[in-house]
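Chemist: Please see the structure below; I have some questions.
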Amino acid sequence: MIRCVHCNKENEEIFTYCLNCGKPLEQSLSSFRPKAARPERKVAYRLVVIKTDGSAGDEFPLGQGLNRIGRRGPEVAIPEDPRIADDHATLDVGEELAFLEDRNTHYGTFVRIRDEMALADGDRVRIGHALFQVQLTNPLPPPTNDGSAWLGSAGAGSGHAGRLLRLGPDDTVLEAHLLGADETVIGRAVGDILMAEDPFVSSRHASISVSGGTCKLRDLGSTNGSFFRIRGRVAVQPGDVILIGQHLLRFRRSEG
């Protein structure tokens, strides 16, 4: 039966007009028939390997909760990379948020920055093949026994706010550069720190500056991006690029 919304009279479904008031039953039909329930949109997350040519490689579906990344996985297994530990990192996936955490590994876990980010004392940054560490210490180190200046301390009396250390194997300091309010630019062909030998560094790649007690890393539109080493649990969002060992992984979300 179809109840007329105008006069409240019930009519057989074979009629298109109300037998009592004569008004169309089409509006009544749509009002009283239950509307179809909207299908629930299922959200799924995955990590996608970025190949050397920039195209998508292997995909790893991620379940809700803790997903382990490492040579053994099991959720995300990358066995062929010597810079990835057996138990390297975890990605804790929820309905709306995901958190990435390094498992105290030697080579660490990095995330590509979006435009710019604040750095804290001791933070490490990867640009191309080079690894840098920020040292935000205002006091100068004590004088050396032989009277020589400390590496990277030249001109330190002119308002420096820290140093940028380029690290080599076993955290050996290869270079040290003073940081201040003026941007220190890193690039392959242009800048204060030149890395002409690294083909993965853009001509003018990134900059670091310290002002008002805040240190900022800014990517200058580089091709391959600038990455910071995570400490503790950090939130990641769809589209973020994660660097683990020699592998780039993009965090993806899809709805179906």
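Chemist: Check 217, 174, 249, 243 and return the single one that is more than 21 Å from the chain's Cα centre (by Cα) and assigned to a strand (DSSP E or B).
Modeler: 174
Chemist: Another question about this same structure. Need the failing condition index for residue 127 against (1) under 17 Å from residue 166 (Cα atoms); (2) touching a Lys or Arg at 6+ places or on another chain (Cβ under 6 Å), just the number.
Modeler: Condition not satisfied by residue 127: (2).
Chemist: Let me ask something else. Could we say that residue 207 is buried (at least 20 other Cβ atoms within 10 Å of the Cβ), in a strand (DSSP E or B), touching a Gly at 6+ places or on another chain (Cβ under 9 Å) and at pLDDT 95 or above here? Even if it seems obvious, please write down each step before you answer.
Modeler: Values: buried (at least 20 other Cβ atoms within 10 Å of the Cβ): yes; in a strand (DSSP E or B): yes; touching a Gly at 6+ places or on another chain (Cβ under 9 Å): yes; at pLDDT 95 or above: yes.
Yes.
Chemist: Check residue 231 against each of (1) assigned to a loop (DSSP other than H, G, I, E, B); (2) surrounded by 19 or more Cβ atoms within 10 Å (Cβ to Cβ) and name the one condition it does not meet.
Modeler: Unmet condition: (2).
The values are calculated or read from the model by the stated rules, or taken from the named source; none is laboratory data. Source: prediction; values computed, not measured. Don't worry about glycine lacking a Cβ; one is built from the backbone with ideal geometry, like all the others, and counts go over all protein chains shown.
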